[in-house]
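The numbers here are math on the coordinates, done by the rules we state, and not lab data. No experiment lies behind these values; they were computed from the predicted model shown. Positions of Cβ are backbone-derived with ideal geometry, glycine not excepted, and every protein chain shown enters the neighbour counts.
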Amino acid sequence: MQTDTPTPAHQDQSYWPELTDKRAVSVWVALDDSTVENGCMWYGPRTHLQPLRAHYKSGPATNAALQCDASEAEMVPMPLTAGGAGLHAGRTLHYSRGNKTDGPRRAYILNFRPRAAIEQEREKGFDHGRAGHVATAVRTAKDDSDAAAHLGGASLGAAHPSTPV
Ligand SMILES: O=C(O)CCC(=O)C(=O)O
């Protein structure tokens, strides 16, 4: 809703420590129609095959989003109707413009990574939001029998929350 706050261009892998297994996929599910005007996602084709770019904080806040040097020219917008989804890998360059409309642009984001990667992060002190600073929880193979957990905002090692609407 008129947040007009872009999600800066980044690759999710920049948020994670050095891990043995870097496989990752995020599923960005549109809860509203997402358009260029209200801040749909933009993805950099084939950038998942490129090296991780240098990232830096986008602002002074300790939890400021990370960003890398990139331009819209190397990305394509992916408008979606509500219920549609886009998938991206850990090194896929992506970004979204701010929402310039009066309506919401909500998304539900799931991030899947190997359980061993999550355990490795835990060993390095990451808590994946359990302390309450991000609106995500960790989902493990053990949780798979409880599909309802998905509805509580579960994800396997979320990179970061989506831009607020
Ligand atoms: O929803 C957005 O604007 C950004 C989402 C994002 O960066 C992600 O899903 O990795």
**Message:** Between the stretch 5-48 and the stretch 112-131, how far is it from one alpha carbon centroid to the other, in angstrom?
**Reply:** 19 Å
**Item:** Under Karplus coefficients 6.51, -1.76 and 1.60, residue-wise ³J(HN,Hα) of the stretch 47-53 in Hz, glycine/proline x
**Value:** 5, 5, 8, 8, x, 5, 7
**Complete:** Dividing the surface of the Cα convex hull of the stretch 6-94 by four yields a projected area in nm² of 6.3 nm²
**Complete:** Scalar couplings 3J(HN,Hα) for the stretch 58-74 by Karplus 6.51 cos²θ - 1.76 cosθ + 1.60 (θ = phi - 60°), nearest whole Hz, x for Gly and Pro, are 8, x, x, 4, 4, 9, 4, 4, 8, 9, 10, 6, 6, 10, 4, 4, 9
**Message:** List the residues, sorted by chain then number, that are 5 or more residues from Asp33 or on another chain and whose placed amide H is less than 5 Å from its amide H.
**Reply:** Ala82
**Asked** Short version: ³J(HN,Hα) in whole Hz for each residue of the stretch 98-108, in order, from phi by Karplus 6.51 cos²θ - 1.76 cosθ + 1.60 (θ = phi - 60°), x for Gly and Pro, what are they?
**Response** x, 8, 9, 10, 8, x, x, 9, 8, 9, 10
**Item:** Those trypsin sites (Lys or Arg not before Pro) in the stretch 55-134 that DSSP places in a loop and that have at most 12 other beta carbons within 10 Å
**Value:** Lys124, Arg130
**Request:** For Arg115 and Asp69, calculate 0.36 nm times their separation in residues minus their Cα-Cα distance, and state this gained length in nm to one decimal.
**Result:** 13.5 nm
